[in-house]
Amino acid sequence: MKKVDKNTIKIGILFLVILGLVFVFLLRVLYISLNKPDHFISRMISHVDFALRGKIISSNNFVIAENKKVYNVAIIPKYINPNKKELLFSLLSIYTNKPKSYFEEKIGTRTKRVVILKNIPYQIKKNLEYLSNVLAIKKVFVEAKKSKIIYGLDIFEAPSKRVSLFKDKFEPVLGYARWNKDHKREGMGIEKYYDQFLMPRQNGYIKGYRDVQNHIIYDNSVVIKPRIDGKNIKLNIDMILQGKIDNILDELKSKLKAKDIVVVVMQSNTGRIISIASANRYDPMHIRQEDIPNLKIPHIQYSYEPGSVMKPITLAMLLEHKKVNILEVLDAHNGRWRFKPRFIIRDDEPFKWLNVIQAVIHSSNIVFAQLGLRLTPTEFRKGLLKFGFGNKSGIDLPYEYKGVLFSQRGLENETHRASNAFGYALQVNLIQLLKAYNTFNNNGIMVIPKIAYSYGDNIIETKSIQIISPATAKTISKILRKVVLEGTAKATNIKGLFIAGKTGTAKINKNGKYIKGLYNSSFIGFVNDKKHKYTIAVLVIKPDSHRYFASQTAVVVFKRIVETMIDMNLLNPEKNN
């Protein structure tokens, strides 16, 4: 048997000792990381400067939504001078407007670090920073024996809080954005649509040595990483007009006993939406259970049969295909026409004969059913698609419903084609109608409606396309002017302004049946002066069953909006006209 070298034994013992020391050291590090004792102090200290979500700003520079910095405050109770505890609680009560009992309960008999205030605003934070200096002078906190550091009020930043400065105004279009319980991003409205630009980019970071007052020393060793906030979104919305229209809708919803009233005001040439409102709103900072139905945006998420407001669209398609003369006379069947054995078409006013212009003015379903059949299934469907129906409008809002159109095969059925011609058996949303009608006030050019003007320094461009000839657009515009001067929209007329448009009163279909007393009433029109051109869409959802005609509901809303725009100098009637 070989004799073991003494040096080998010594090296082995030394290795085991070193290995043991390393093991003890690692255990110590693990213990400290899991249960750091109060006296174990790092000379380094760091603070996070949380980046902010971008602001949402109106065209007239009102901040609609922004993130506010908030702060938490912590104390290590074991370092409170026992003789100054009462003074501490009294001063905290004065500076925060909370009762002394609140702080007595928070601290109790605790010795380890405890957060006593959460999500306090910047102003209170500044007051408490001043108080911290007062507490140091009064020696309310004693220094730690080993580190000689005084642990007073620890004021540190918490993740910021989203604030809607106009509460429910501009809802539900403004919407919200937040993390849900499953840590997934969710939201609605502008907040959701532009979330990728609004989101903060990078938190700031400051790290350096601490002084005896537990503050960072800004010397050459300090490390600073700048915060990068999210981009601001600038809107086309005039927040003063928005607030006034919201108030109008609140008042008229009650008077008309409607389920909702929905409005959009758009610059005809640019597609910029300067107001988009609903009577059903919510406060995004305090969403309640009863607010859930109002989270949807009815302008794009309420699909319905539009009724007579589709007649000018049908007429425009006929004019483009040269299949109608606006002065030709058609049989109006005295207001009742048995089109098919089981399909009777009725008009509100009985006429024996009507020319095409009169058929628009008096809103004849019978005449337009006949006119609609002149279009082939292909012409009809392509025409509807060209006007933007059956597809999303392109507005900068999420979750739009694109509506329902018959396929080309479905339009081979004459009943379907006739029904579509006067606004039934298809579904649209209000923004689609606004976009389609706007072509009549814009020389046949369709523009994509936009709520936002820019994100950061980037201007949001809108697309435009010529979908009908300027001649067709002018003809329809002139006929719609006659609706205001002679027809169902007389109440909208204001001297000195060019106002034109079409009313629509449509029955509501539930489970394949039209329910008596349930209607949607709408008015889509334009109002122009020498310098301004606006397209305005109004939808009154389920008004009082005793006063449901558009001439009694949507027309009233439209008139009030135009009068408000005149008061704000957004429109200027000519005195001599």
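Tabulated results
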item: Global geometry of region 332-386, whether rounded, prolate or oblate, following the gyration tensor of its Cα atoms and the 1.5 cut on a/c; result: oblate
item: Degrees separating the helix 85-96 axis from the principal Cα axis of the chain, which is the longest one; result: 20
item: Cα gyration tensor category, rounded, prolate or oblate, for region 45-94 with a/c compared to 1.5; result: oblate
item: Shape call, region 51-137: gyration tensor on alpha carbons, a/c limit 1.5; result: prolate
item: Difference of contour (0.36 nm per residue) and Cα-Cα distance, E104 to L16; result: 26.3 nm
item: Long-range Cα-Cα pairs in region 116-216 (distance over 16 Å), rounded percent; result: 72
item: Most positive-pole-ward Cα, L249, P284, S268, against dipole of region 201-300 from beta carbon charges; result: S268
item: Rounded to the nearest 20 debye, dipole of the chain from Cβ charges on Lys, Arg, Asp, Glu; result: 1580
item: Kirkwood Rh (inverse of mean 1/r, distinct Cα pairs), region 391-541, angstrom; result: 17.4
item: Ratio Rg/Rh [Cα only; Rh per Kirkwood] for region 145-189; result: 1.33
item: Charged-residue dipole, Cβ positions (Lys, Arg, Asp, Glu), region 429-485 about Cα centre, Debye nearest 20; result: 380
item: For semi-axes √(5λ) of the Cα gyration tensor in Å, calculated from these coordinates, the label among (1) 46, 33, 27; (2) 41, 29, 23; (3) 69, 28, 21; result: (3)
item: Furthest towards positive pole of dipole, G208, N365, I120, structure part the chain, Cβ charges; result: G208
item: Scattering profile of region 217-276 at q = 0.12, 0.15, 0.19 Å⁻¹ [log10 I(q)/I(0), Debye over alpha-carbon scatterers]; result: -0.52, -0.64, -0.83
item: Sites matching GluC sites (Glu not before Pro) across region 287-386 that sit in DSSP coil, with at most 14 neighbouring C-beta atoms within 10 Å; result: E328
item: Net charge dipole size for region 453-525 [Lys, Arg +1 and Asp, Glu -1 on Cβ; Debye, nearest 20]; result: 580
item: Distance (nanometres) between label positions extended 7 Å along Cα→Cβ at Y122 and S407; result: 5.9
item: DSSP beta bridge pairing in the chain, given as percent antiparallel to the nearest 5; result: 95
item: Estimated inter-spin distance, N60 and R288, nm [label 7 Å along Cα→Cβ]; result: 3.0
item: Local net charge near Y424, Cβ-Cβ under 10 Å (Lys/Arg +1, Asp/Glu -1); result: 0
item: Extended-chain gain in nm, criterion 0.36 nm per residue less alpha-carbon gap, L27 and R338; result: 102.6 nm
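No value in this document is a laboratory result; all are computed from the given coordinates. Predicted model only: the values in this text are computed from it and were never measured. Positions of Cβ are generated from backbone atoms using ideal geometry, with glycine treated the same way; all protein chains shown enter the neighbour counts.
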